[in-house]
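S.K.: Quick one: the structure is below, and I'll ask about it shortly.
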Amino acid sequence: MKKFKLNKESRIGLTVIIAVALFIWGLNYLKGINLLKQARQYFVVYDQIDGLVTSAPVMLDGFQVGLVKSIEYQYDSPGHILVELSLENELKLPTGTRAVLEPALMGNPKIFLIPGSGPRMLADGDSLQAERKAGLLDILEVELLPGMQDLIQQTGRVVAQLEAQLDEGGDLNKSLASVRKAGDKLASASARLDLLMANEIPSAIRNIDSLSTNFSALGQELRAVDFAGISHRVDSTVLILQDISLRLTRPDNSLGLLLNDTQLYFNLNQTASSANELLLDLRAQPKRYVHFSLFGSKNQK
């Protein structure tokens, strides 16, 4: 049997073909495209891709399920960019699935899949709903730039008013004069405060120290007082007064009889009444009680 042999040129050509195939396969593998693995292709049309590049990851729930296979600008329809996604064959997406393009602060943008809730599954080659999330530059342009423009305009108006005041000179000079007067008054008040701190405050502090010393001495003298003995003597005096009060309410002593014997009261009252009648009779008929003659009585012989 005759063996089939390749000539030198054929071997060189076959080697080149195999090398080119390996190069293409390795290049796609480095891009994340496995030519030996079956994948599903989906299409999305964006109006802005924010620097999206091929081989950019496609994420679902934080897991990479594919990558961007190709990006084509639709020249026949300006403002439309066709992006082809290569996703794993096991992944089946329902209708209404959105492909959200999220710009990155650093690095390339990514595409995040948000599954829809449609009644059927998308077929290979169908289109996904495009959605673009606002990036940092968009937020700055929408929220910060208008505020910066207003600030610049207000600053311009303030500068214009200040220039007008400088040109007129009157009100600004008055304001500067008022500020100068206020500064002079503040300096004068500061000098008075320094004088007060140097003279009056130390004297007041010394007086307070002297008063504190006096209070301390008074406290020591008060601690030396025998409050217990004084309290005991006060208690004894109170007991004596209570005993005297009890004696005055009992009729077994002279003062008690004097204060409690009603008969003695009536007798004294009767005696006072008799003495009053005697004095009245003495005043009315003094001759009945007094006999006085300078030359003696007429009946004396």
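S.K.: So is V142 part of a helix (DSSP H, G or I), out of contact with any Lys or Arg (no Cβ under 7 Å at 6 or more places or on another chain) and modelled with pLDDT of 75 or more or not?
M.R.: No.
S.K.: Can you tell me which residue among K110, K133 is assigned by TED's automatic domain parsing to the domain that holds S70, surrounded by 12 or more Cβ atoms within 10 Å (Cβ to Cβ) and either at pLDDT below 85 or more than 19 Å from K69 (Cβ to Cβ) (or both)? Can you show your working first?
M.R.: Details: K110 fails: either at pLDDT below 85 or more than 19 Å from K69 (Cβ to Cβ) (or both).
Exactly one residue qualifies, and that residue is K133.
S.K.: Considering I71, I33, which residue is at pLDDT 85 or above and surrounded by 13 or more Cβ atoms within 10 Å (Cβ to Cβ)?
M.R.: Working: I33 fails: at pLDDT 85 or above.
After ruling out the rest, the residue left standing is I71.
S.K.: Next question, about the same structure. If I ask for residues that are within 40 Å of the chain's Cα centre (by Cα) and hydrophobic (A, V, I, L, M, F, W, C), which ones from segment 101-113 would you list?
M.R.: Result: A104, L105, M106.
S.K.: Has segment 39-47 got any residue that is over 55 Å from the mean Cα position of the chain (by Cα), modelled with pLDDT under 85, exposed (fewer than 12 other Cβ atoms within 10 Å of the Cβ) and over 25 Å from K133 (Cα atoms)? Give the steps one after another, and end with the answer.
M.R.: Taking segment 39-47 first, the residues over 55 Å from the mean Cα position of the chain (by Cα) are 39-41.
Filter once more, so that each one left must be modelled with pLDDT under 85: 39.
The next check asks that each one be exposed (fewer than 12 other Cβ atoms within 10 Å of the Cβ); those that pass are none.
No, every residue in segment 39-47 fails to be over 55 Å from the mean Cα position of the chain (by Cα), modelled with pLDDT under 85, exposed (fewer than 12 other Cβ atoms within 10 Å of the Cβ) and over 25 Å from K133 (Cα atoms).
The values are calculated or read from the model by the stated rules, or taken from the named source; none is laboratory data. Keep in mind that this is a model prediction, so the values were computed, not measured. Cβ atoms come from the backbone with ideal geometry, glycine included; neighbour counts cover every protein chain shown.
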